[in-house]
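Written out below as structure tokens is the structure these notes cover.
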């Protein structure tokens, strides 16, 4: 769908937004991460990169003025859009009233930093159940402050999005796709890359948003890989292990492992595991690939299956 085909996308301009906000006496709320994407070509790229189909159930987080919502509704079977701000919710309702395939929710998408709100997932499930071949996708210009917990938690939620296409801070996107031995490689990199393929599609300067953020952004596409997930014996254990191994980035791997497993394994036991994997005293977690860390995790799980991260 092009800009000319969508009058709602045409409204996502600085002049329209400033005029509309002025009419109702509002200003963008920085605390809620309200930065509107005002480059209409990029708005279309964001929607088009999700390869929308009529069987798709789309979750959008941050309805804003409903411009992206309208684009999504034109290509998908159903859009569930979530907006926390009461005033924006009311404005978007007026903009989107013509669409019968849009469900609007006024709430926080997260119950807490470790959990997606059950009501949001329940509504998505309801629409997925309407037909056996429906596919769940996340497509959104995400508020910066919820991007990391939302993406991470959706990978362990039920249902899991088949695809996520979102705008996020470039710094976060760099961390998601980072390779071993790089400054951005960490627990988030390993966690995401163990469950999904991720690629940065476009870097966005501050000038394409209103108000302008202080940082660059990126459009990133994340595709869930169920086969990779199936290769992980215990996903919860794996998640705890990854967090623990990167908890002290500057320490050697042995010291980190000894500290993390101190309640269940003594130092000789940790040394035996590291020796099997040919990891010497100077090894660091950030040097290991996702596959190497997954194999190491299984050795620790075999030795300490009841381990929990304190």
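Only one entry of 121, 110 meets the criterion of being in contact with a helix residue (DSSP H, G or I) (Cβ under 8 Å, 6 or more places away or on another chain) and at pLDDT 95 or above, and that entry is 110. Among the numbered conditions (1) under 14 Å from the mean Cα position of the chain (by Cα); (2) closer than 27 Å to residue 298 by Cβ, the only one that residue 138 does not meet is (2). Test each condition in (1) free of Cβ contacts under 8 Å to residues at least 12 places away in the same chain; (2) closer than 30 Å to residue 159 by Cβ for residue 237 and report the one that comes out false. Looking at each condition in turn, residue 237 falls short on (1).
With the condition kept exactly as written, say whether any residue in the stretch 149-160 is more than 24 Å from residue 236 (Cα to Cα) and either at pLDDT 95 or above or in the same structural domain as residue 195 (by TED's automatic domain parsing) (or both). Checking the stretch 149-160: not a single residue is more than 24 Å from residue 236 (Cα to Cα) and either at pLDDT 95 or above or in the same structural domain as residue 195 (by TED's automatic domain parsing) (or both).
Residue 6 satisfies every condition listed in (1) buried (at least 19 other Cβ atoms within 10 Å of the Cβ); (2) at pLDDT 80 or above except (2). Among the numbered conditions (1) at pLDDT below 80; (2) under 21 Å from residue 163 (Cα atoms), the only one that residue 73 does not meet is (1). Only one entry in 254, 243, 250 is outside the structural domain of residue 49 (by TED's automatic domain parsing), over 30 Å from residue 36 (Cα atoms) and free of Cβ contacts under 8 Å to residues at least 12 places away in the same chain, namely 250. Restricted to helices (runs of 4 or more DSSP H) entirely inside the stretch 137-231, those with at least 2 residues that are free of Cβ contacts under 8 Å to residues at least 12 places away in the same chain are 226-230.
The values are calculated or read from the model by the stated rules, or taken from the named source; none is laboratory data. Keep in mind that this is a model prediction, so the values were computed, not measured. Methodologically, a virtual Cβ is constructed for each residue, glycine included, from the backbone with ideal geometry; neighbour enumeration extends over all protein chains shown.
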